[in-house]
Ligand code: G4F
């Protein structure tokens, strides 16, 4: 049985990756932080399946306590689990929030990666390491689409921290001969996306308006353009990157770019609503420095990994809207949801 350690297993990407690995028969170790609230809804179903026999999942899931700001805990986990593959998905991943908590973002996203790589180096395991790098590394660029050779120019504390992690990964590959790769993923969304990222904020907002729970949706910059794919498709690419004969870095993207306005039009359109009647903008959702347009060129991932996105923009938006409408219908009346207060 192959084994893998996933940091950030309770997040959108971690939960999809865990599903993929469990279906392949892996023993999956998921790093979780000790906290007073158990926010593990994205992996609850996996824990239940892993505990019961006869499911289509053949692997085993085990959660282990640790923290990216605690090198000793990482060393201990690596030593205990002795994984074949490590996927570093943990981090403070909200770009706007990184301007409010730059030090924390750097500690977890940048130094956390270093701590994990050091733990792997010290144990001298024959391990394959995946680093969740980001299209935010490129920042504002004139030459589009962006590929593995495009220069980096980060424009947020988040992107600067990710740049450190990117180069640390390359450095450990070159210095110590480690199988360490960067997946430079462009925006990837799903019904499991955090509610304060723009796509989920929109689908949840549109569904709330449709059901009369909310009267308007307040956003920031509506002109920004993103290359949005489906997170599950992107985690397939992450796995493929660790199955190659030699380590390398790959861009993962759809090659299509849409504006926030396009997303609004598609999402509200799914519910027969005109977004312009409900959407307002507010400076508090704007960023001190914005990345206006993002579009990726995943030619290398297509050629070397044989990967391609399987979910179109339209299918992705529809999937998210349908999910949120269904979820809200179940939760109407619940005090848990206050979409208008989201970042
Ligand atoms: O959904 P976003 O917050 O995603 P962003 O900043 O592009 O970053 C995401 O994708 C990156 C690439 O994969 C990741 F590295 C990163 O961790 C994260 O997952 O914002 C998208 C765009 C921005 O231009 C933002 O200014 O939407 C614009 N926007 C407009 N109104 C808003 C809002 N973003 C948020 N979060 N909330 C708004 O109200």
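Just a few scattered comments:
- Anisotropy class of segment 68-186 from Cα gyration tensor, a/c 1.5 cut: oblate
- Only DSSP H runs of four or more residues enter the estimate; each adds -39500 (n - 2.57), and after division by the residues of the chain the mean residue ellipticity at 222 nm equals -11500 deg cm²/dmol.
- Cβ crowding within 10 Å, taken as a proxy for footprinting-reagent exposure, orders 320, 68, 1 from fewest neighbours to most as 1, 68, 320.
- Arranged from fewest to most other beta-carbon atoms within 10 Å of their beta carbon, 99, 313, 263 become 99, 313, 263.
- Cα-based helix-to-principal-axis angle, 112-123 vs the chain, degrees rounded to 10: 20
- Highest average packing first - 306-312, 196-202, Cβ atoms within 10 Å: 196-202, 306-312
- For the chain, a Gaussian network of Cα nodes joined below 10 Å ranks 106, 206, 224 by mean-square fluctuation, and the top entry is 224.
- FRET efficiency, 1/(1 + (r/R0)^6) with R0 30 Å, evaluated for residue 143 and residue 64 via beta carbons: 0.10
- Cα gyration tensor shape for the chain, rounded if a/c is under 1.5, else prolate or oblate: prolate
- Cα shape, segment 1-123, gyration tensor, a/c 1.5 rule: oblate
Where a number appears in this text, it was derived from the coordinates with a stated rule and is not lab data. In this text, all values refer to a predicted model and were calculated from it rather than measured experimentally. When we count neighbours, we look across all protein chains shown, and the Cβ atoms used for this are built from the backbone with ideal geometry, even at glycine.
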